[in-house]
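To keep things clear, I will list the structure first and then write my remarks on it.
Bear in mind these aren't lab numbers, they're just calculated from the coordinates by the rules spelled out. No experiment lies behind these values; they were computed from the predicted model shown. In this analysis, Cβ positions are derived from the backbone assuming ideal geometry, glycine residues included, and neighbour counts consider all displayed protein chains.
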Amino acid sequence: MLRVGVISDTHNLLRPEAVEYLRGSDHIIHAGDICDPLVLEELRRIAPVTAVRGNNDRGSWADSIPHSEMFEIEGVCFYLIHDIAEMDIDPLAAGVQVVVSGHSHQPAVFQKDTVWFLNPGSAGPRRFKLPVSAGQVVVSAGRAVATTSLLLSAA
């Protein structure tokens, strides 16, 4: 069994609660709006990282970060994009089992057909009264289960 920690919209703020939540992950996914390469460096101290660029990731440091990424972890195919509205594939037809996105700052997890859709919400600066959150995908025997977790409540 592998634990994939999922984070998004850190906006140059890697909270201690997020670091603690991600500890023990075998892999980390960052769904964009990183805003500073030091965030990725810090995450790489915990586990290997796959990241995509968000609409706020600008500058030469972000040029090498893709807008979307399809990759496999232990037989599970992931599709990663910052803004789900920009998704240009049919995940079911492409054999994707987990779609990870960010952008909205609202945590969400649901399954449509056999595909998990996970938005971990925002682990960075609080936006409006939205919670500070992250997510995870547990991969076992070629199958995945996605969840979200509150790091700090919305109150």
**Prompt:** From the list ASP63, ASP83, which one is closer than 15 Å to GLY121 by Cβ, out of contact with any Phe, Trp or Tyr (no Cβ under 9 Å at 6 or more places or on another chain) and not polar (S, T, N, Q)?
**Reply:** ASP83
**Asked** Only one of (1) under 13 Å from the mean Cα position of the chain (by Cα); (2) surrounded by fewer than 16 Cβ atoms within 10 Å (Cβ to Cβ); (3) within 25 Å of ASP57 (Cα to Cα) is not met by GLY135, so which one is it?
**Response** (2)
**Message:** Can you tell me which of (1) of a type outside the set (Asp, Glu); (2) in contact with a Ser or Thr (Cβ under 9 Å, 6 or more places away or on another chain); (3) surrounded by fewer than 16 Cβ atoms within 10 Å (Cβ to Cβ) is the one GLY95 doesn't meet?
**Reply:** (2)
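Name every residue in the range 6-52 that is among the small types (Gly, Ala, Ser) and crowded, with 21+ Cβ neighbours inside 10 Å, in order of residue number.
Filtering the range 6-52 down to residues among the small types (Gly, Ala, Ser) leaves 8, 18, 24-25, 31-32, 47, 51.
Scanning the range 6-52 gives SER8, ALA18, SER25, ALA31, GLY32, ALA51.
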